[in-house]
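Sharing a structure below in structure tokens format, with a few things to ask.
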Amino acid sequence: MKPFLRLFTLLLFLWLGCGTAVDAQRSKRRARPTPHRTVRKSRTTRTVRRTGGNHHQQRMALFDREGGIDSTTIVMLGNSLTENGKDWAQRIGTTQRIVNRGIIGDNTVGMTDRLYQITPYRPKAIFLMAGINDMVGNTSYEQVANHVIALIDAIRRQAPQTKLFVQSILPIDESEGRWKTLAGRTDDIPFANMLIRAYCETHDITFVNIFPRMTRGKSNQLRPELSGDGLHLTEQGYRVWAFELKKYVDAL
């Protein structure tokens, strides 16, 4: 019986040892960095990752092919709200050249990562819409504001001659219940906007406050007629937005 116990103990020891080695190898593999493009670091701590996916890649490839940005161009830089606006020159009612550089799902990290497609060409103006996709998860409104401010700083450093217009984060309507990642964030948006606005005002940057034009009464809730899903805008919502931008575009 004793030889059998010794054999059993030896086999158990070897089995446990192999398991530990396999776990160690798995841990090493998990610790390896993911092979996506390195994002330039900002002066603030990043708590969000660059967005990805086929649509993001396809849009960036389209922008590379299109080009068309120079010192006479106005750039609309943003997320799905900007992309879904499509032809912004037509919406605003201007003959000036406006290019749409919005990407569905994009956040401040993704926008910073693709500034190389915009800032080297020194456009006349950039209208920035960013922040709502940074609000997902446990990111505080202070962190969201810092992310937007870091993106603002990057644009200013890379294209100091470009006139920058920072648009407020737009309100949402949680009653739709569709965007679980934004649950409980309705009242955080104006606080983030307040911090971003304060930064813009102390750094001679134009802050375009669209937020109060889209809220219901004295609440922070997006007016239901301006959105079909509590986040993205209807045609009526885009008319409100374009009306606010027209005076800034006409003055360029």
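The numbers here are math on the coordinates, done by the rules we state, and not lab data. Just so we're clear, the structure is a prediction, and the values are computed from it rather than from any experiment. A quick note on method: Cβ atoms are made from the backbone with ideal geometry, for glycine too, and the neighbour counts reach across all protein chains shown.
Please compare each pair in LYS86/LYS246; LYS163/LYS246; LYS163/LYS218 to a cut-off of 23 Å on the Cα-Cα distance and tell me which ones are over it.
Result: LYS163/LYS218 exceed 23 Å.
Using only alpha carbon pairs under 8 Å that are at least six residues apart, calculate the relative contact order of the range 127-168 and give it in whole percent.
61
Next up: Which Rg and Dmax, in Å, describe the Cα atoms of the range 52-161?
Rg and Dmax of the range 52-161, Cα atoms, are 13.7, 42 Å.
Please work out how much length the chain gains when fully extended from GLU225 to ALA251, using 0.36 nm per residue of separation minus the C-alpha to C-alpha distance, in nm with one decimal.
Gain in length upon complete extension: 6.4 nm.
Going 7 Å from the Cα of ASN209 along its beta-carbon direction, which residues of the range 170-188 have the amide nitrogen within less than 20 Å of the resulting point?
Under cut-off, by backbone N: 170-172, 186-188.
Share of Cα-Cα pairs in the range 123-252 beyond 18 Å, in percent?
Counting every Cα pair in the range 123-252, those more than 18 Å apart make up 54 percent.
Which length gain, in nm to one decimal place, applies between LYS163 and ALA61 when the Cα-Cα distance is subtracted from 0.36 nm times their residue separation?
34.2 nm
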